[in-house]
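The values are calculated or read from the model by the stated rules, or taken from the named source; none is laboratory data. Keep in mind it's a predicted model, so treat the numbers as computed, not measured. Positions of Cβ are generated from backbone atoms using ideal geometry, with glycine treated the same way; all protein chains shown enter the neighbour counts. When the accessible area is computed, the model is the full protein with side chains, heavy atoms only, and any ligands, DNA or RNA have been set aside. Shrake-Rupley method; radii C 1.70, N 1.55, O 1.52, S 1.80 Å.
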Amino acid sequence: MHETKSMGSSRTAANGVWFVLAAAILWGTTGTSQGLAPAGVASTTIGAVRLAVGGLALLIIALLRQRFRAGGRWPLMATVVSALFVAAYQLCFFAGVARTGVAAGTMVAIGSAPVAAGILGYLVRKERLGGRWLLATLLAVIGCGLLATGAGGLQGNLSGILMALGAGVSYAAYTVSIKGLLELHSPDAVMAVVFCLAALFLSPLLFIAPLGWLVAPRGLLVALHLGVVATALSYILFARGLQTVSVGTAATLSLGEPLTAALLGVLVLGERLAALQLVGVLLLFSGLILLAMGEKNSSSYT
C-alpha cells in the first residue's frame, strides 16, 4: 500500500513538473510580444493591461467552472501579499526589459528567481532542497548567464538590472505566498482572485496613460496574447504544477522561459546564437531535464 501511494505521489510530482514547464514556455513569449507592441507604449501600461485582461479571463474561467463554491477561508494577508507581488513583478519585469532589452532583462529577472525562491521556500515553508536541485539550478543559472552574454544592454544600465532583479524577487515571493493559498482553494479560484486584485492595484495606470493603441489590430492582438495566453492559461498551468512541486523547484523550472525566448529568437526572428550562447542553451536545458527527472523519480523534495 505504501509503495502504491509513493508511486502515485511520484507521478503527481512529475505531472506538476510538466505543468510548470508548459507555463514557462508560454511566459517565454511575453518579451517578444512587448517588442511587437505599437511604438511608444509605456512598459507600465503594458503590465497593467496584461493584468486587466488576464485577471478578467481568469475570473470568467473560475466562474464558469464553479471554482468558488468549495474551499476554506481566504487569508487576507496572504491574498493581498500575493497580489502586491504579482503587480510588482509586472512593473519591474516590463520596465527592466524596456531598459536592458528583451533577452537580457528576461535572463536577469528569471535567472535570479530560483535562488530567491529557494531561500524564501526554506525560510517561510521549511522546504528542503537537496543536491539535485542545487546542481540543476547551478547549471540553469550559468546557462542563463551565458545566454545573456550576447543579449546586450546590461553594461551601464544599473536601473534596468535592479528592475529585473526586483522582478525575480517578486516572482519568488508571490510563488511562496500563492502556494499557501493553493492549500485552501482550487488553482482557478486562487489565480482569479490574486490576479484580479493585482489588476485593481495597477488600474490607476490605465486612467493616466493613452490606450488608443489597443484599437489597432496589432495592439489588440498583443494585449489578448499577453492577457489570455501568457497570463490566464499559463498561470492556470503554473498553479496546478505548484500544488505538487516545491517553490524552489518551480522557480528553477521557470528558467524554461528564457530558453523559450532564446529559441524563438532563432527560429522565428532569425537571430543567431554565438558559441557561448549555444553552450548556455545546452546547460540550461540540462539543468531543467535533471530537475524534471529528479521529480519523476522521487515523491519528496530531497
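Here are the numbers for the structure shown:
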{"item": "Selection count, segment 1-46, where residues are part of a helix (DSSP H, G or I) and at pLDDT below 80", "result": "22"}
{"item": "Those residues of segment 71-91 which are among the hydroxyl-bearing types (Ser, Thr, Tyr) and under 13 Å from Ala48 (Cβ atoms), in sequence order", "result": "Tyr89"}
{"item": "Hey, Val81 over 23 Å from Leu255 (Cα atoms) and among the β-branched types (Val, Ile, Thr) or not", "result": "yes"}
{"item": "Helices (runs of 4 or more DSSP H) fully within segment 178-292 counting 1 or more residues that are crowded, with 24+ Cβ neighbours inside 10 Å", "result": "187-202, 217-224, 234-242, 247-253, 256-267"}
{"item": "Test for Ala292: is it at pLDDT 75 or above and small (Gly, Ala, Ser)", "result": "no"}
{"item": "Unique residue being of a type in the set (Gly, Ala, Ser), open to solvent by 20 Å² or more (accessible area, probe 1.4 Å) and under 17 Å from the mean Cα position of the chain (by Cα) when the list is Ala88, Ala83", "result": "Ala88"}
{"item": "Candidates Val108, Val53, Val80, Val49 - the one that is under 30 Å from Leu273 (Cβ atoms), aliphatic (A, V, I, L, M) and part of a helix (DSSP H, G or I)", "result": "Val108"}
